[in-house]
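Have a look at the structure below before the remarks.
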Amino acid sequence: MQKRLTSIAAALLLAALGTGAQAQNLITAGDFEMATVATDSFETYSNLGGWAATQWGSDSSSGTHKIVDVAGNQFMQFGGGDSAYTSFGVGTGGDYMLSFDYDGSGFWALYNQDLSSWVSPGPLVQFNGMGTDTTLLTLSGNTNYKLFFGSVGAGLPGLMAGAQLDNVSMTAVSPVPEPESYAMLMAGLGVLGFMGRRRQR
């Protein structure tokens, strides 16, 4: 009986520690994978699964963007001067990591809708070339944000017109355990406490 209780307690504690370890991505459709886009083709959208075309600093529709498929990998493609944004909410405040893959020249910006202020290091953060960008950001709890991406137009020295974007994520640096995790942890500790009282008797 004691061995069985020890096993149950250990299982509950391990499950509690394991739950919540995976950080949730707050960005919807950040991988831009669309079943309607055939391999080695593209589709043009003005509003796409959580992403909308817009002008910098404005919510008015300004154009379209493409989802391009190259050998089964899909990504968003901006023409020169095009941009898009996605909205998301943060429940628990803290440190979050913004990450995205890019190819081309463009900008990104993060806007706090509730405080009407920029959270990114400047209203426009530039990227150029090809690679992965990661930025640590401190976000407020119970707050709504807009994440903007855009490409540069033609004619700027040293920069390419247009950009490609993929694998956009915003994840907590230290994931907060979910309520279920606390419940399993308390159950495991309760079993251990019960076993301790039995030994004392």
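Could you tell me whether residue 104 is in contact with a strand residue (DSSP E or B) (Cβ under 8 Å, 6 or more places away or on another chain) and either open to solvent by less than 40 Å² (accessible area, probe 1.4 Å) or assigned to a strand (DSSP E or B) (or both)? So residue 104 passes the test.
Within the stretch 123-136, is there a residue that is assigned to a strand (DSSP E or B) and under 16 Å from residue 24 (Cβ atoms)? Scanning the stretch 123-136, I find no residue that is assigned to a strand (DSSP E or B) and under 16 Å from residue 24 (Cβ atoms), so the answer is no. Number of residues in the stretch 29-67 that are open to solvent by 70 Å² or more (accessible area, probe 1.4 Å), at pLDDT 85 or above and of a type in the set (S, T, N, Q): the value is 2.
Does the stretch 84-91 contain at least one residue that is modelled with pLDDT of 90 or more, farther than 13 Å from residue 165 by Cβ, open to solvent by 40 Å² or more (accessible area, probe 1.4 Å) and part of a loop (DSSP other than H, G, I, E, B)? The answer is yes, given that some residue of the stretch 84-91 is modelled with pLDDT of 90 or more, farther than 13 Å from residue 165 by Cβ, open to solvent by 40 Å² or more (accessible area, probe 1.4 Å) and part of a loop (DSSP other than H, G, I, E, B).
The values are calculated or read from the model by the stated rules, or taken from the named source; none is laboratory data. Quantities reported herein were computed from a predicted structural model and do not represent experimental measurements. A quick note on method: Cβ atoms are made from the backbone with ideal geometry, for glycine too, and the neighbour counts reach across all protein chains shown. For accessibility, only protein heavy atoms count, side chains too; no ligands or nucleic acids. Shrake-Rupley method; radii C 1.70, N 1.55, O 1.52, S 1.80 Å.
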